[in-house]
C-alpha cells in the first residue's frame, strides 16, 4: 500500500489527457529503466483510478515511472516501506521511511528525477493544435492568448557553450534533456531557444545558495 504524499487534502481530477512516464525510474538515486507506472496517490484514497490530482490548488499528474525494485520500496511489498514519495514546497520528493513508531517518519532525499506533469507543461511539450481548442478537463473553450505589444522590446544576444561531441558523450543532447526536464517544473520556463535562460538562471542560483552541498552532491557524498 502506498503511503500518503502529504497530510494536506488531495482531490481526484476527472478527465484530462493521458501521458507517458519514464523512460527512467523517477528515484533520483536509481537510474534504471522505469517498468511500472506508479500512482502517487493510491486508488483507494481517491475512490478510483485517476491520472490527475489537485494539491494546493495545482493540477498535477498522478503517475510516475519506477523500476520494479523502487516500486516495491514505496508500496511495502518486500520487508515493509523503505521509501515514499512526498510532496514538499511544490515538488514531489523521493524520501526514505522509518516505521519505528505509530506513524512513519520521512527523510527527504531529492526531488523526483522528472516531476509529474502539469496541464501547462504537457501542452508545452506536446503542443496544442488549433483543431483541439477545448480544455481536456472541463471542455471549456480555450481563450487564446493574444500577443502583447510593448513599446520597447527586450534586447537579446546569444551566449554559447562548447560541449563534447564524440561517441561517448553528446553534450548537446545531455543539455537539451536536462533543460527539457527542468522546464516541466520551473514556473514560466520552457525549453525553447529563448526559454532556456529561464531554466538555467534559477538552477545556477539554487546551486550558488548552498555551494557546499552542491559540491558534496558532485562528489557523491552527503545527504
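Coordinate-derived values only; no laboratory data. Just so it is clear, the structure is predicted and the values come from calculations on it, not from any experiment. FYI the Cβ positions are ideal-geometry reconstructions off the backbone, even for glycines, and counts take in every protein chain you see.
Tabulated data
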| read-out | value |
| --- | --- |
| Region 84-114-region 1-43 distance, computed between alpha-carbon centres (Å) | 13 Å |
| Least to most buried among 206, 50, 107, 87 (fewest other Cβ within 10 Å first) | 206, 107, 50, 87 |
| Ranked 85, 55, criterion: other C-beta atoms within 10 Å, fewest first | 55, 85 |
| Ranked 51, 43, criterion: other C-beta atoms within 10 Å, fewest first | 43, 51 |
